[in-house]
2 protein chains.
Amino acid sequence: MTSIFELETPVVLVDIDKAEANLKNAQDAANRAGIKLRPHIKTHKLPRFAKRQVELGAVGITVQKLGEAEVMADAGLADLLLTFNIVGEKKRARLKALHDRVTIRVVADSADTVDGLAETFVDSAKPLGVFVECDTGMGRCGVQSPEAALALAKRIAAAPGLAFAGLMTYPAAGKYHEAADWLADAKTLFDDKGVALPEITTGGTPDIWHMSEAGVATEYRPGTYIYMDRSQVAAGAATYDQCALAVLATVVSRPTESRAIIDAGSKTLTSDLLGLQGHGYVLDFPEAKIVGLSEEHGTLDVSACGVKPKIGDVIRIVPNHCCPVSNLFDTVTLVRGEAVVETVPVAARGRVD
Amino acid sequence: MTSIFELETPVVLVDIDKAEANLKNAQDAANRAGIKLRPHIKTHKLPRFAKRQVELGAVGITVQKLGEAEVMADAGLADLLLTFNIVGEKKRARLKALHDRVTIRVVADSADTVDGLAETFVDSAKPLGVFVECDTGMGRCGVQSPEAALALAKRIAAAPGLAFAGLMTYPAAGKYHEAADWLADAKTLFDDKGVALPEITTGGTPDIWHMSEAGVATEYRPGTYIYMDRSQVAAGAATYDQCALAVLATVVSRPTESRAIIDAGSKTLTSDLLGLQGHGYVLDFPEAKIVGLSEEHGTLDVSACGVKPKIGDVIRIVPNHCCPVSNLFDTVTLVRGEAVVETVPVAARGRVD
């Protein structure tokens, strides 16, 4: 048995028992709430975990890019929701190729996106399912009102090669009530106008334990919940003990009494702050603060540590945001506690387009 | 001829004429200043550019990780400086394998690092060159005083398999005078004690045009200068016209009059701020502000734009920090203006250890 402390650093560790427990907890919560789960694979980017999510009861998976969809379709995932406005002929051709071999649906928030899709998808015998993306408070993509959602839904329904699939939103963290209210208003409007809403899909790990308060939503798309991270702990969605992903790093320098330098910088932990102070939580030295990152160096203030880290010490860090960490590494190492199980390629890493 | 506007986005464009001009300008400046150039390849991570840097007069290259050194050695680069404390037996074994086939030198800032190297490198006929890393104001790695540098230099010199190579520093941006003063003090001390200083190496693109003020330094290690980026423009080291790297992205949503969403987020542009406001400079819409990034979405405030970007528009963005952008992409597309020349793999991408 190889111990994690024999690995070269930096390396990403994923505790498979913790990941499994996180998957089960969320599926159980979804079952109790009577809501379908459609996990977002952007966090793990690994076919094995996508398959496991489906085995445990997920109705399918969510992806953010065509490249991710292609990797997952190749791996045998058969029901995909691509939560991105697909714009441009080349991208639509790739979408068409996917649509020809798996169940894939997309979102749109504009007439431009819908009209583009309607140019490429013309087969009324096998229409492409299109959700209307709704901005329920996130301030990113999405139509701005239920009325705009209805108008776009009608435009989708009017295109022979498209089928209106329902409403999709990604709520701002902590704003699940606002999102639920928005969607409820939309449902009332659609009902009034006699337009069926096959599905209403929402998401977000920060509010995952409020799935039962998602109101009219029929489906939930969490991503980060499989690994959890420091931002989710800060949001109250997890404890550090439940965090399945950690970066293993080595202390390479102790230039001063209060400073330690590790071999993990922004190329490992990313610069994502997500509103937090510092760049991660050091499991093995909880009093240490990661106060700065260069690409390959992490700077720790260890002045509050009773026992201070020494050069050569190997430490585990829960990153602020686990998803982009997955994206930085060609492989992750699956572990059980301190025992290495297997190192696997991050199949959908770097699928930016 | 393929136009960049036919490419799928997001994609990284590198203008080879601009890169070439940047390389030549810096080599010319180094020649005028009478200082050797040893470019850091962490920015481009491409053997072709490393070779070109050497062809133009660089004495060798700088790398930050063993993985980068291995890629560059495999590609035929023969003189490497690895500016990182190499700690741990496995890493030293990899360093030894490199030392057996190319000229590679490293840095150390502690007795621990030196003693570790001295365990692995024992051949006095082919000693490993080791620089003492000096903290001249950056607050990262490095000994804290010239006296400490001298003591560590003696420890290196006392190890049969090691050779003291000189002093190395990475100065804080804009603090080149402080670094020069620190190094001058150290040189005085070393001279007084009769300890030869074979080389004094410093670096940093923000202050590259002050190379002639590097004082006692004999070598300069710039990285970003090949591509330049928004942070370098902010530092006064380049103009946007000189920036060789741009991210090409597509406008995929216009949810409100003031908001545009592009298909490039932190997985493309990184979250690096480097003290700046916003996440990049939009060459094609200079009044637009990139106010937010999710992994796959960039949020632009376009309220100040006279003509506003439309869905489907393809725009070029100079990122805040070009180096980690190189690290996110498996390939970059070399261009001349708007003409695509070639798409090449980023050979040393993701070499984190």
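A few comments on the model shown:
- All C-alpha pair distances within region A:306-353, sorted into 5 Å bins from zero, spread as 5, 15, 18, 22, 19, 11, 6, 3, 1, 0 percent across the bins.
- Label-point spacing for residue A:181 across the identical copies (point 7 Å from Cα in the Cβ direction), in nm and ascending order: 5.8.
- Looking down the axis that turns chain B into chain A, the chain B residue with its beta carbon nearest that axis, and the gap rounded to whole angstrom, comes out as B:271, 2.
- Taking amide H atoms as placed 1.01 Å from N in the peptide plane, the amide H of residue A:220 lies under 5 Å from those of A:36, A:37, A:38, A:202, each 5 or more residues away in sequence or on another chain.
- Residue among A:151, A:26, A:163 with the largest mean-square fluctuation in a Gaussian network model of chain A, springs linking Cα atoms under 10 Å: A:151
- Evaluated at q = 0.06 Å⁻¹, a Debye calculation over the C-alpha positions of the protein assembly as shown (equal weights, vacuum) places log10 I(q)/I(0) at -0.36.
- With the convex hull of the Cα atoms taken as the outline of region B:34-227, the averaged projected area works out to 9.9 nm².
- Using equal-weight Cα scatterers in the Debye expression, the normalised intensity of chain B in log10 at q = 0.06, 0.08 Å⁻¹ is -0.24, -0.42.
- As a length-normalised measure over Cα pairs under 8 Å and 6 or more apart, the relative contact order of chain A settles at 21 percent.
- Annotation for residue A:286, label-to-label distances across the other copies: 5.3 nm (shortest first, one decimal, point 7 Å from Cα along Cα→Cβ).
- Percentage relative contact order, region B:34-227, counting C-alpha pairs under 8 Å, at least six apart: 20 percent
- Label points for residue A:103 are taken 7 Å from Cα along Cα→Cβ. From this copy to the others they lie 6.4 nm apart, shortest first.
- Compactness of region A:202-353 - radius of gyration and Dmax, Cα, Å: 16.6, 57
Readers should treat all values here as calculations from the given coordinates under stated rules, not as data from a laboratory. From a predicted model like this one, the values you see are computed outputs, not experimental measurements. A quick note on method: Cβ atoms are made from the backbone with ideal geometry, for glycine too, and the neighbour counts reach across all protein chains shown.
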